[in-house]
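For reference, the structure discussed in these notes is given below.
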Amino acid sequence: MEKSRLSVTYIGLLFIAGFFATMAFDFWGQVLSPSIGWANLSPEGLAQSLLSSLGLPSSAFLGFFVHFYIVGLIGYPMGWAYVFKPIWTLVVGPVHWFLASALYGAGLWVFAIGGVTAFSGLPPFLNFTGITWVALIGHVLYGIVLVAILRLITRRET
């Protein structure tokens, strides 16, 4: 039986997929990328800048909390399930999940590195420095891992 997309079970599965996708993002950006001489991602710093720009308390702990829990486990997975995938399916139709998930990740990159940075008082796309491209790979990886895990644990087209 197919789970309702608004059920507590499905939302829990989104949370699990978001966990694995966030782990992949952080492993890429904080372990693999620096180990090959590329930039080291610190998305909690961007979250701290955003909190400060909103006049909210800002600390390293809150930056990690926003990045890991609010964005990685809740916001981005729900964005896939309730915004991107329904619109994609309506406009494009059922196209292979890998392409859709990679484009979703690229869209997350535009949102985070293009939009959130500018809103936080940082240069849009961080002036296209090395961190910009590491973040692009990380966000695309996030999208792919998110959807792959959802497909694996729901055993249906996600």
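Would you pick out the residues in the range 1-50 that are open to solvent by 50 Å² or more (accessible area, probe 1.4 Å) and of a type in the set (Phe, Trp, Tyr)?
15, 19, 20, 27, 38
Any residue at all in the range 124-137 that's open to solvent by 40 Å² or more (accessible area, probe 1.4 Å), small (Gly, Ala, Ser) and over 24 Å from residue 31 (Cβ atoms)?
No: the range 124-137 contains no residue that is open to solvent by 40 Å² or more (accessible area, probe 1.4 Å), small (Gly, Ala, Ser) and over 24 Å from residue 31 (Cβ atoms).
Quick check on the range 34-43: of everything there that is part of a helix (DSSP H, G or I) and more than 12 Å from residue 132 (Cα to Cα), which residue is nearest to the chain's Cα centre (by Cα)?
Narrowing the range 34-43 to residues part of a helix (DSSP H, G or I): 34-35, 43.
Those still in the list that are more than 12 Å from residue 132 (Cα to Cα) too: 34-35.
Working: 34: 20, 35: 22 Å.
My answer is 34.
Does residue 119 satisfy the condition of being within 17 Å of residue 24 (Cα to Cα) and at pLDDT below 95?
Here the answer is no, as residue 119 does not meet what is asked.
Just the residues that are over 13 Å from residue 143 (Cβ atoms), open to solvent by 60 Å² or more (accessible area, probe 1.4 Å) and aliphatic (A, V, I, L, M), please, taken from the range 84-107.
Scanning the range 84-107 gives 87, 90, 91, 92.
Hey, can you tell me all the residues within the range 21-76 that are at pLDDT 95 or above and at positive phi?
37
So how many residues does the range 112-128 have that are of a type in the set (Ser, Thr, Tyr) and in a helix (DSSP H, G or I)?
Selection size over the range 112-128: 1.
Pairs please, first residue from the range 7-23 and without any contact (Cβ under 8 Å) to a residue 60 or more places away in the chain, second anywhere and not in a helix (DSSP H, G or I), Cβ atoms under 8 Å, 6+ apart in sequence or on different chains.
9/3
Please enumerate the residues belonging to the range 70-95 that are within 12 Å of the chain's Cα centre (by Cα) and either over 20 Å from residue 113 (Cβ atoms) or aliphatic (A, V, I, L, M) (or both).
Within the range 70-95, 70, 71, 73, 74, 78 meet the criteria.
From the list 101, 120, which residue is among the polar types (S, T, N, Q) and under 14 Å from the mean Cα position of the chain (by Cα)?
Residue meeting the stated conditions: 101.
Listed here are the residues, each with its yes/no results for (1) assigned to a helix (DSSP H, G or I); (2) at pLDDT 95 or above; (3) in contact with a Pro (Cβ under 9 Å, 6 or more places away or on another chain).
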| residue | (1), (2), (3) |
| --- | --- |
| 98 | yes, yes, no |
| 103 | yes, yes, no |
| 110 | yes, yes, no |
| 131 | yes, yes, no |
| 144 | yes, yes, no |
| 150 | yes, yes, yes |
| 158 | no, no, no |
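For residues that are open to solvent by less than 50 Å² (accessible area, probe 1.4 Å) and within 18 Å of residue 113 (Cβ to Cβ), scanning just the range 51-66, find the one that is farthest from the chain's Cα centre (by Cα).
51
Tell me yes or no: at least one residue of the range 69-79 is in contact (Cβ under 8 Å) with a residue 60 or more places away in the chain, crowded, with 18+ Cβ neighbours inside 10 Å, among the aliphatic types (A, V, I, L, M) and part of a helix (DSSP H, G or I).
The answer is no; no qualifying residue exists.
The values are calculated or read from the model by the stated rules, or taken from the named source; none is laboratory data. All of these numbers come straight from a predicted model, not from anything done at the bench. No Cβ is skipped: glycine too gets one built from the backbone with ideal geometry, and neighbour counts run over all protein chains shown. All accessible areas refer to the heavy atoms of the entire protein, side chains included, with ligands and DNA or RNA removed. Shrake-Rupley method; radii C 1.70, N 1.55, O 1.52, S 1.80 Å.
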